[in-house]
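The values are calculated or read from the model by the stated rules, or taken from the named source; none is laboratory data. Keep in mind that what you see is a predicted model, and the values were worked out from it rather than measured. Because the Cβ atoms are built from the backbone with ideal geometry, glycine has one as well, and the counts that use them run over all protein chains shown. When the accessible area is computed, the model is the full protein with side chains, heavy atoms only, and any ligands, DNA or RNA have been set aside. Shrake-Rupley method; radii C 1.70, N 1.55, O 1.52, S 1.80 Å.
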Amino acid sequence: ASERRRSPVSREEGRRRLIDATIALCLDRPFDEVSVREIARAADVNHGFVHTWFGGKAGLAVTVCDHLAARLAAQVDAGRFAAGVFVDPETVLVVRLLAWLQSDESAAALAAERDLPLITFGRTVFEQVYGFDAPTAATLADMSAAMVFGWILLGRGMGLRSEEHTSELQSR
């Protein structure tokens, strides 16, 4: 009987590496231009683990969104919320990944099953930081997410770059 080959890294470590590699690669390039093999190579794990651990590229995108949203929520909980957080490169990445999930036919079903982490994060901010009641916070989060989505997705097409606007907002 052949012995099953084991990964040189633990599942937890491999997942963390793949998440970190995806973030690093996708801060510079759209997710649809980054291959699973490229992500795995940057993470120094076998590309087959993307399917094994995440169910595929779409599952990895969802996990990265959840990871980044949790980091943003932790900033709010720790009182380190800044007005520029919605144009932070990692927030922009969450929006771009969510847009990819909605536009990719094979990923759309997976995305439809989940609450959007940016909206969940926005609700938390409007409730905990600004003190709005839950229904008002939900409405404000939905409106804010729509504006952010539009600015990021349409702004790119009009030649606007998020880094320029981020530094402009942070200098105010």
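Could you check segment 81-91 and list, in sequence order, the residues that are at pLDDT 60 or above and either surrounded by 22 or more Cβ atoms within 10 Å (Cβ to Cβ) or within 8 Å of the chain's Cα centre (by Cα) (or both)?
Within segment 81-91, E90, T91 qualify.
Return yes when Q75 is open to solvent by 20 Å² or more (accessible area, probe 1.4 Å), at pLDDT below 75 and closer than 18 Å to E33 by Cα and no when it is not.
Details: open to solvent by 20 Å² or more (accessible area, probe 1.4 Å): yes; at pLDDT below 75: yes; closer than 18 Å to E33 by Cα: no.
Considered against the rule, which asks whether it is open to solvent by 20 Å² or more (accessible area, probe 1.4 Å), at pLDDT below 75 and closer than 18 Å to E33 by Cα, Q75 comes out as no.
Being open to solvent by 30 Å² or more (accessible area, probe 1.4 Å) and more than 18 Å from R96 (Cβ to Cβ) is the filter here, so list the residues in segment 31-41 that pass it.
Within segment 31-41, the subset open to solvent by 30 Å² or more (accessible area, probe 1.4 Å) is 32-33, 35-38, 41.
Once the filter is applied, which keeps residues that are open to solvent by 30 Å² or more (accessible area, probe 1.4 Å) and more than 18 Å from R96 (Cβ to Cβ), segment 31-41 yields R37, R41.
Would you call D115 modelled with pLDDT of 70 or more, closer than 30 Å to D142 by Cβ and either in a helix (DSSP H, G or I) or not small (G, A, S) (or both)? Show your work before the answer.
On the way: modelled with pLDDT of 70 or more: no; closer than 30 Å to D142 by Cβ: yes; either in a helix (DSSP H, G or I) or not small (G, A, S) (or both): yes.
No: the conditions fail for D115.
Any residue in segment 41-60 that is without any contact (Cβ under 8 Å) to a residue 12 or more places away in the chain and farther than 12 Å from G14 by Cα sitting within a Cβ distance under 6 Å of a residue that is basic (K, R) and assigned to a helix (DSSP H, G or I)? List the pairs, counting only those 6 or more apart or interchain.
none
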